[in-house]
Structure formats: structure tokens, C-alpha cells
Amino acid sequence: MEEPAIGCARPTGSVVGARPAAKNEASTREKGEVGVSSIMVGRPAPDFTAPAYHKGAFTQVKLSDLLGKWVVLCFYPGDFTFV
Amino acid sequence: MSVDSQFVHKMWNDHELSKMVAGGVPFPMLADAAGHLGTAFGVYDDQAGVDVRGRFIIDPDGVIQAMEVLTPPVGRRVAETIRQIKAFQHVRATKGAEVTPSGWEPGKKVLHPGPDLVGRVWEVWSPADE
């Protein structure tokens, strides 16, 4: 399978199956969905793809490729910050 | 994963992190530039424009087993994450026949949930066993 070229113009991380929302649609959706979250322990994590840097190479990571393994996903605020 | 691009991740790894960890970061550093993934996982702070300090343990079936979210100033404790993974692996291996009480680490007492144990946990476990 051909490895997609990773560059500035490539899409950033996104949920698999999500369609890009129009500006108006996004704002009305946010107003209506206060407090609604599909994230809950005991429920499947949303599948996603994201560009990544790993050991000298730029690559693409897809969560569902990691099924069969235990995965720890760590979010953090920013590179070059302190904690 | 942060909102920084994969290019900034490379620079941070090469210029700082590889000085803390020999060989640099051994796992992929993901880019969430638009905050879509932080939003999907409920950890994107749209006022600050960053993902807060969320950590998710996902099992081999893709199910979230644990999550911990902190505001940015306070760091995580890796030993606790590893402890939790081992506990979830133990529960999974025993298909839930054994569950891990508070403070469990490998080798410590487990519990066997069932009607007979209801109201009788005190007979087999106490906080001194943590």
C-alpha cells in the first residue's frame, strides 16, 4: 500500500467518518450539544487518524490499526512548555 | 498528542526530549492541529486552543478502560498508569473472575466478585492490604 506523503497540506488529525462541518452547521451543533459526549469508560474509543513524528520519520497513525494491543493515548497542552 | 504539528514534535524531540531520554521519544507523537481529536475525546479547551492533560487507556478491543484529565500545571504519574494497565490486564485475563481492590499491584490480594462476597469484603480485605 502506498504510504501517503506527509506535508503541510495534508489534513491534520481527524475522527474517522467525520464529515467536515460547514461554519453555520458547526455553531448550531455546538449550541445544541452542551454536555453530550460519546466518551465514556466501557465504550469504544472513536477511531481516528493523525499525522505523527516517530523516530526520525513522519507517519500516519490510525487507532484501529492498533486493535489487539493496549494503547495509552496522552494529550498534553504544548511542546516546549514546562510540565 | 498535542495541537503542535508533527514538525514541531520533531524539533522538540531532537532539541530537548532526546536530552532527557536516550534515543528520544520511543512512541509516535501525534498532531491534533485543529483540535478535532481533543474535541472527540472531550479534552480540547477551545478557549485556550490546546488539548488539556487527558490520558486514556484503551484495551485490545478498542474500548476505553480508564481516563484521567488534569489541568496543564500538574503532571501525570507514569507509575500509576502502568499500575492501572496491569490491573486491567489481570481483570481481562481472568475474564472478570478476579477484580483488583484499591491500591492493587501485581502479587497483592484480588477479590472474587459474587453474591457470597456481598457485605463480606471486610473478611478478606482491609485498607491495610493496599
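Structural remarks
- Filtered by the rule that a residue be touching a residue at least 40 places away in the same chain (Cβ under 8 Å) and in contact with a Lys or Arg (Cβ under 9 Å, 6 or more places away or on another chain), segment A:47-83 gives A:51, A:58, A:60.
- Entry remark, segment B:4-38: residues being over 21 Å from residue A:39 (Cβ atoms), in a loop (DSSP other than H, G, I, E, B) and touching a residue at least 24 places away in the same chain (Cβ under 8 Å) number 2 in total.
- Selection status of residue B:126, free of Cβ contacts under 8 Å to residues at least 24 places away in the same chain and surrounded by fewer than 13 Cβ atoms within 10 Å (Cβ to Cβ): yes
- Condition met for residue B:34 (at pLDDT below 95 and either touching a Cys at 6+ places or on another chain (Cβ under 7 Å) or small (Gly, Ala, Ser) (or both)): yes
- Residue pairs whose Cβ atoms lie under 8 Å apart, separated by 6 or more positions or on different chains, with the first residue in segment B:76-91 and within 14 Å of residue B:63 (Cβ to Cβ) and touching a residue at least 12 places away in the same chain (Cβ under 8 Å) and the second surrounded by fewer than 16 Cβ atoms within 10 Å (Cβ to Cβ) and not aromatic (Phe, Trp, Tyr), are B:85/A:72.
- Identity of the residue in segment B:39-77, of a type in the set (Gly, Ala, Ser) and in a strand (DSSP E or B), that ends up nearest to the chain's Cα centre (by Cα): B:66
- Residue in segment B:94-110 that is under 19 Å from the mean Cα position of the chain (by Cα) and part of a helix (DSSP H, G or I) present: no
- Some residue of segment B:78-92 being surrounded by fewer than 17 Cβ atoms within 10 Å (Cβ to Cβ), assigned to a loop (DSSP other than H, G, I, E, B) and either hydrophobic (A, V, I, L, M, F, W, C) or modelled with pLDDT of 95 or more (or both): no
- So residue B:41, is it surrounded by 13 or more Cβ atoms within 10 Å (Cβ to Cβ), among the hydrophobic types (A, V, I, L, M, F, W, C) and free of Cβ contacts under 8 Å to residues at least 40 places away in the same chain: yes
The values are calculated or read from the model by the stated rules, or taken from the named source; none is laboratory data. Source: prediction; values computed, not measured. Counting neighbours? That spans all protein chains shown, and the Cβs are built from the backbone with ideal geometry, glycine included.
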